[in-house]
Protein chains: 4
Amino acid sequence: MTAAGTPPNWRDFSVPALPPLLGAALDCFVEHGYHGTAIRTVATHAGLSVPGLYHHYPSKQALLVGIAESAMADLYARSSAALREAGEDVEARFALLVECLVLVHAYRWEHAFIAASEIRSLEGPARAGHIAARDRQQKLLDDVVAEGSRLGRFATRYPKDASRAVTTMCTGVAQWYRAGGPLSPEELAARYVQICRGTVQAR
Amino acid sequence: MTAAGTPPNWRDFSVPALPPLLGAALDCFVEHGYHGTAIRTVATHAGLSVPGLYHHYPSKQALLVGIAESAMADLYARSSAALREAGEDVEARFALLVECLVLVHAYRWEHAFIAASEIRSLEGPARAGHIAARDRQQKLLDDVVAEGSRLGRFATRYPKDASRAVTTMCTGVAQWYRAGGPLSPEELAARYVQICRGTVQAR
Amino acid sequence: MTAAGTPPNWRDFSVPALPPLLGAALDCFVEHGYHGTAIRTVATHAGLSVPGLYHHYPSKQALLVGIAESAMADLYARSSAALREAGEDVEARFALLVECLVLVHAYRWEHAFIAASEIRSLEGPARAGHIAARDRQQKLLDDVVAEGSRLGRFATRYPKDASRAVTTMCTGVAQWYRAGGPLSPEELAARYVQICRGTVQAR
Amino acid sequence: MTAAGTPPNWRDFSVPALPPLLGAALDCFVEHGYHGTAIRTVATHAGLSVPGLYHHYPSKQALLVGIAESAMADLYARSSAALREAGEDVEARFALLVECLVLVHAYRWEHAFIAASEIRSLEGPARAGHIAARDRQQKLLDDVVAEGSRLGRFATRYPKDASRAVTTMCTGVAQWYRAGGPLSPEELAARYVQICRGTVQAR
DNA sequence: CATGAATGAGACTTCATTCAT
DNA sequence: AATGAATGAAGTCTCATTCAT
């Protein structure tokens, strides 16, 4: 169940993340928000007529659902791949997972931005599904930190809080990092691995 | 020039943060977003008719601006007070500032949530003003970390990145912390001071 | 039943035509039309609060009625006075009536403008009354022209049409004449007497 | 660049002057004025829903602009055609132009009525354009009367005033002439040619 | 009469969505 | 899938008017 746009190599962000129509919708939602975006704007942005858009997606909500699901699936797939690559060592697992989180939120900040700010615009079961996906994702890091703590490899007295802090920190990258700055996503990820290590090592 | 709702003691959150009408608007914006909220909903929420609301605020946008400005002013006023209390010692300055950030984002998470997610809904000069206020706020922490780093009291090689990570972490509290959980805001703040110290001490 | 603002001398336009409040309303109606004017605008223009305005006039409609009635009463009173001054000679009667019409529409163009363009905004019996007043006014000139025609002093074969043409011409002054132009109202009136004579003399 | 609704023969008023939707708007504006007309009324009048109307015209103002522009364009086109037909003789030019003015204001009195009474409701550049069109139209008659006066064919000492009086007179037809009266537009036009001749011949 | 607050009704306009072609 | 036309519902905002103080 690999999402469209997730390549086998979790460090590869060269492929477009979304089918073009969802990409257009994503751009609009980022700029004006879900409720602030008219479906006509999305259609124009995608080079389609309005009925043409409805030919592909049955509703505006479906666009948002498509984006949210794809974003969570891509993040989870990449995270899982990173953990597989890390093997059993808990510090490696922590480092690669942080690297993965930063890379995804730097390269795909728009997805993350929408996934974070427009959950409230998801209707019905889609919202529940999204929250479940988010919890499942959070659990990946929680488990690593908990294990590192149990093994005495991480010094923190508050593994749960530290884990949440790390997540928040990496997720927050989507709110300020933009391509073209002084650091590449890879450089930023390297620094964040350092910084986050401090977080779980602090007593 | 103390902002309305900001008491002399920066640790005191017992006073209501906003005039009741802005409070009602804040609730609605948090639940449905700015564009997803009908002004009628706000009016009903505030126990007013629609023109009654317009008697106090000239537009929906004015409600958002009022909230955003009040949020930033309150945060800045409390942060400044915390730094004054801390005196000259850079570690104390860092600790109290982090404590302040966490307290504000735990107690006033709705303000922070809106201030972060609805910047794009601010129109014209209000947006510029908001961004300026955010930068001014960020600079408070940047300066402390830079000074700590210069003095050799903080070990981090990336003071700028660490500072942003700390900000993101504390700001992120608004996205998940809710009253009624296992930790009080004060307890959470204490833990975050620890965790954040790790961030700036990591090499 | 002389209207307020109509002095004994029909050539005298030095007195204000309307009580100040109606004057303010008139200004607004001229600029934006009846339906285009908010009653708050009138109040501000008059230096009153909104309830203050309602203390004097019970409704917006009452303002319009007051203006329309005063305008028609003033015009009729001046016309009657002019005819009295002219005595029995039909050419004198024609000349003085034309002079009077031009003077009124040049000096009080705002009244005439509103009386002509906002009849449709008069509700109920006020509209009927206004139309009756207009017909009564028109009859003054019709009678003069008819008599001149009957006596063979006017050459026109179409006295009714000529009379209407003269009325239209003089009424039309309100649409273009403004104080400050090259001609004073009195000079303009003199010319119009000439021109109108041509109208009723043409065969 | 003939305006829609202006046929090659300037005496022909059998074609509808406006597209049906503008026609409906014109009816409503005539009855209640621009500001007094709800766009819902126009839509109903045209057999459309409100958004259906907006599909064709982007705003209420656009309806007014469309009417005003069409009215002025039609009048100018017919006037120009009448002058072409008249050739060089200045009295013929005067006669045909007056005939044209009367016919237009008798047949299309609604257009003229709105064009005269709702200029103040035109916003921004549309108002300037309308006034320019009106001046251009006025100049047609001004030039004829000035030439006739220069050539000694018209006796009037005040050609400018006489020209304005004629214009006002003919324009005023729109305020009182209605189909179904004792005179056809053509008969009325014939009489007005006589009457107006008197205007420019009077000394 | 000023102030301040309030409101039912209704204004213009936009939106997501649909249907026939 | 594009085009053009259409619409029910709902959006923001304004208006004339009123009442308590």
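The values are calculated or read from the model by the stated rules, or taken from the named source; none is laboratory data. The structure presented is a predicted model; accordingly, all values stated were derived computationally and were not measured. All Cβ positions, glycine included, derive from the backbone under ideal geometry; neighbour counts span all protein chains shown. In case anyone asks, the SASA skips ligands and DNA or RNA and just uses the protein heavy atoms, side chains included. Shrake-Rupley method; radii C 1.70, N 1.55, O 1.52, S 1.80 Å.
Just counting partner chain Cβ atoms within 10 Å, what average do the residues of peptide B:149-156 show around their Cβ? Before the final figure, lay out the partial values.
Working: counts 0, 0, 0, 0, 0, 0, 1, 4.
Taking the mean over all residues of the peptide, I get 1.
I'd like the orientation of helix C:159-176 relative to chain C: the angle between its Cα long axis and the longest Cα principal axis, in ° from 0 to 90, rounded to 10. With rounding to tens, the tilt is 40 degrees.
Between the Cα long axis of helix D:60-86 and the first principal axis of chain D there is an angle of about 30°, rounded to the nearest 10.
Label point of B:S184 (7 Å along Cα→beta-carbon): distances to the other copies' equivalent points are 5.0, 8.9, 9.9 nm, sorted ascending.
So for each of D:102-108, C:76-82 I average, over its residues, the number of other beta carbons within 10 Å; can you give me the resulting order with the highest mean first?
Working: D:102-108: 24.6, C:76-82: 19.9.
The most tightly packed comes first, giving D:102-108, C:76-82.
The residues C:K60, A:K139, sorted by heavy-atom accessible surface at 1.4 Å with ligands and nucleic acids left out, run A:K139, C:K60 from largest to smallest.
Rounded to the nearest 20 debye, the dipole magnitude of the stretch A:97-174 is 220 debye, with +1 charges on Lys and Arg beta carbons, -1 on Asp and Glu beta carbons, and the Cα centre as origin.
Rank these by accessible area, largest first, 1.4 Å probe: B:E88, A:E110.
Numbers: B:E88 155, A:E110 50 Å².
The ranking, largest first, comes out as B:E88, A:E110.
Helix D:125-150 and the longest principal axis of the C-alpha atoms of chain D enclose an angle of approximately 10°.
Distances, shortest first, from the label point of C:P58 to those at the same position in the other copies read 3.5, 4.6, 6.0 nm; the point lies 7 Å along Cα to C-beta.
Rounded to the nearest angstrom and listed largest first, the equivalent-ellipsoid semi-axes of the stretch D:20-110 from its Cα gyration tensor are 35, 12, 9. The accessible area of D:S121, taken with all protein chains in place and a 1.4 Å probe, comes to roughly 10 Å². Dipole magnitude for the protein assembly as shown: about 160 debye, using +1 per Lys or Arg Cβ and -1 per Asp or Glu Cβ, origin at the Cα centre. Using +1 at the Cβ of each Lys and Arg and -1 at the Cβ of each Asp and Glu in the stretch B:67-201, identify which of B:S184, B:G148, B:Y158 lies farthest towards the dipole's positive end. Comparing the listed Cα positions along the dipole, B:Y158 ranks first. Of the listed residues D:D27, D:D74, the order by accessible area with a 1.4 Å probe, largest first, is D:D27, D:D74.
For the protein assembly as shown, the Kirkwood estimate of the hydrodynamic radius, built from every pair of different alpha carbons, is 33.1 Å. By the Stokes-Einstein formula, at 1.567 mPa s and 4 °C, chain A with its Kirkwood radius over alpha-carbon pairs has D equal to 73 µm²/s. Quick one: Cα centre-to-centre distance for the stretch C:103-117 and the stretch B:1-59, in angstrom? The distance from the Cα centre of the stretch C:103-117 to that of the stretch B:1-59 comes to 51 Å. A simple charge model with +1 on the Cβ of Lys and Arg, -1 on the Cβ of Asp and Glu and nothing else charged puts the dipole of the stretch D:1-154 at about 300 debye relative to its Cα centre. Think of the stretch D:61-201 as having a plus end and a minus end, set by charges on the Cβ of Lys, Arg, Asp and Glu; of D:T168, D:A92, D:V104, D:T168 sits farthest toward the positive end of this dipole. What the phi angles of the stretch D:9-17 give under the Karplus curve with 6.51, -1.76 and 1.60, with θ = phi - 60°, is a coupling list of 7, 6, 8, 8, 10, 7, 7, x, 7 Hz, glycine and proline written as x. For B:K139, the lysines whose Cα falls under 20 Å of its own Cα, not counting residues fewer than eight places away in the same chain, are B:K160.
In this structure D:S59 has an accessible area near 40 Å², from a 1.4 Å probe over the protein heavy atoms.
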